[in-house]
2 protein chains.
Amino acid sequence: MAANGDPRPCSIADALAVVGEKYSLLVLREVCLGNGRFDQLVRNIGAPRDVLSSRLRRLVDAGILTKRAYSERPQRFEYRPTQAGLELEPVLMTLKEWGDRHIRGGVNLPMMVEHICGHELVPLVTCRSCGKPVHHEDLTAHPQAEGWTVTGPTAA
Amino acid sequence: MAANGDPRPCSIADALAVVGEKYSLLVLREVCLGNGRFDQLVRNIGAPRDVLSSRLRRLVDAGILTKRAYSERPQRFEYRPTQAGLELEPVLMTLKEWGDRHIRGGVNLPMMVEHICGHELVPLVTCRSCGKPVHHEDLTAHPQAEGWTVTGPTAA
DNA sequence: GAGGAGGGTTGGATTTTCAAACTCACGGAG
DNA sequence: CTCCGTGAGTTTGAAAATCCAACCCTCCTC
């Protein structure tokens, strides 16, 4: 058994440490939509300006957003996603789809995203190796750190 | 233009209102791994017990987890994912994959998930209609609520 | 030179978080 | 029977984050 007292080492936790604070993913949503200006973000997200300011700094520091001047004199800025930020968009879309079904109940959806193929985007998470959709019962986790278990030493 | 002052209506925001608080997705991770007992959750997540207690209540209320007694006398409980909870697992896996690449830099990964096909699970988000991988540049957003724009009235 | 707009910062009240200690119910060892 | 340990939380009090409104500064237009 591992020296515990430390939480499980995990990239999900690592990712959430960067983008898991309140509003961070909504900032990314807006920025991916092209609404990267401070006042747009405040309005569209509904976040306090100071918190937003802090999140933007953090996301820029983490390499998920960049801050660009779209005008000198008067100095005006715009936040845009980096490649890393853009690569989070599938996570956002997958979360949206879950929310559409499980919270909105599939009706009265407030936003539609169209794929270039001409249809509404309904994301499907697949296995890159075999191409099949990912289902819980097809997965087996292997924690790499010593002492970490999947079902715990006391599991049923 | 819409009567603004309200944030953008959006299923991503709705979803995050339920699973976006600190530790909530880590609870789901553990529960999906089969570690659904209170003390396991405390240890594996590293969350304060009171916060965890509050998150568990919320996730159960939201229909993402269920609380089951695995023993009467002494009463002992276990949290398990509902169908809605299980359907969030692809989001978790996609986030893990992003973290693997962008935070861990693709090396020294603390956890591996194996797909039933025999290979390591590397999730790929695809369009359900055409099957192609989802990329930012292939997407067009259509907000349904009146007055909401994609690029904003003042966009470049 | 008055009034915006954009992009923030500051101040103070309210909430959350945190860590450790505590509770309660039971089961087993001595 | 008494003491110890386990599981599942609750309580407590200090530290940190959030919220909101107000303010600031620079430029631009009227």
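The values are calculated or read from the model by the stated rules, or taken from the named source; none is laboratory data. Since the model is a prediction, treat every value here as computed from it, not as a measurement. Note that we place each Cβ from the backbone using ideal geometry, even for glycine, and neighbour counts take in every protein chain shown. Ligands, DNA and RNA are excluded from the accessible area calculation, which covers all protein heavy atoms including side chains. Shrake-Rupley method; radii C 1.70, N 1.55, O 1.52, S 1.80 Å.
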> Looking at A:Ile12, A:Leu59, A:Gly46, which one has the Cα that reaches farthest to the positive end of the dipole of chain A (charges on Cβ: Lys, Arg +1; Asp, Glu -1)?
Replying inline: A:Gly46
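Got the relative contact order for chain A handy, in percent, Cα pairs under 8 Å and 6 or more residues apart? Provide the component values of the computation, followed by the final result.
Working: 123 pairs, mean separation 30.5, N = 156.
Reported relative contact order: 20 percent.
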> Highest GNM mean-square fluctuation, chain A, Cα pairs closer than 10 Å: which of A:His115, A:His136, A:His102?
Replying inline: A:His136
> Hey, got the Cα dimensions of the range A:1-120 along the principal axes, in Å, largest first?
Replying inline: 61, 37, 28
>> Charges at C-beta only: +1 for Lys and Arg, -1 for Asp and Glu. How large is the resulting dipole of the protein assembly as shown about its Cα centre, in Debye rounded to 20?
In response: 660 debye
> Among A:Val18, A:Val134, A:Val42, whose mean-square fluctuation peaks in a Gaussian network model of chain A (Cα, cutoff 10 Å)?
Replying inline: A:Val134
> Across peptide A:39-49, what mean number of C-beta atoms from other chains lies inside 10 Å of a residue's C-beta?
Replying inline: 3
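Leaving out ligands and nucleic acids, and using a 1.4 Å probe, what accessible area per residue does the range A:1-96 come to in Å²?
Working: 4290 Å² over 96 residues.
That works out to 45 Å² per residue.
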> Round to a whole number: what % of the accessible area of the protein assembly as shown belongs to carbon and sulfur, probe 1.4 Å?
Replying inline: 50 percent
> Toward the positive end of the charge dipole of chain A, about the Cα centre and with charges on Cβ (Lys, Arg +1; Asp, Glu -1), which of A:Leu28, A:Gly99, A:Leu88 goes farthest?
Replying inline: A:Leu28
> FRET efficiency for A:Ser54 and B:Glu72, Cβ-Cβ distance as r, R0 = 30 Å, nearest 0.05?
Replying inline: 0.05
>> As a test of the definition: with a 1.4 Å probe, what buried accessible area, both sides summed, do you compute for A against B, in Å² to the nearest 100?
In response: 7900 Å²
> Is it possible to state the helix-based mean residue ellipticity at 222 nm for chain A, with each DSSP H run of 4+ residues giving -39500 (n - 2.57), the sum divided by total residues, to the nearest 500 deg cm²/dmol? What is it?
Replying inline: -11000 deg cm²/dmol
>> Please report, for B:Glu72, the nm distances (one decimal) from its label point, 7 Å out from Cα along the beta-carbon direction, to the equivalent points in the remaining copies, shortest first.
In response: 7.7
>> Students often forget the sequence filter, so: which lysines lie under 28 Å Cα-Cα from A:Lys67 once same-chain residues fewer than 8 apart are removed?
In response: A:Lys22, A:Lys96, B:Lys22, B:Lys96
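Give me the inter-chain shielding for B:16-24: mean count of other chain Cβ atoms within 10 Å, whole number please. Mind dumping the intermediate values first?
On the way: counts 10, 3, 4, 5, 9, 2, 5, 4, 2.
Whole-number average of other-chain Cβ neighbours for B:16-24 is 5.
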> In the Gaussian network model of chain B, springs joining C-alpha atoms below 10 Å, which of B:Ala69, B:Ala141, B:Ala15 carries the largest mean-square fluctuation?
Replying inline: B:Ala141
> Taking the Cα centre of each part, how many Å lie between the range B:79-126 and the range A:73-119?
Replying inline: 20 Å
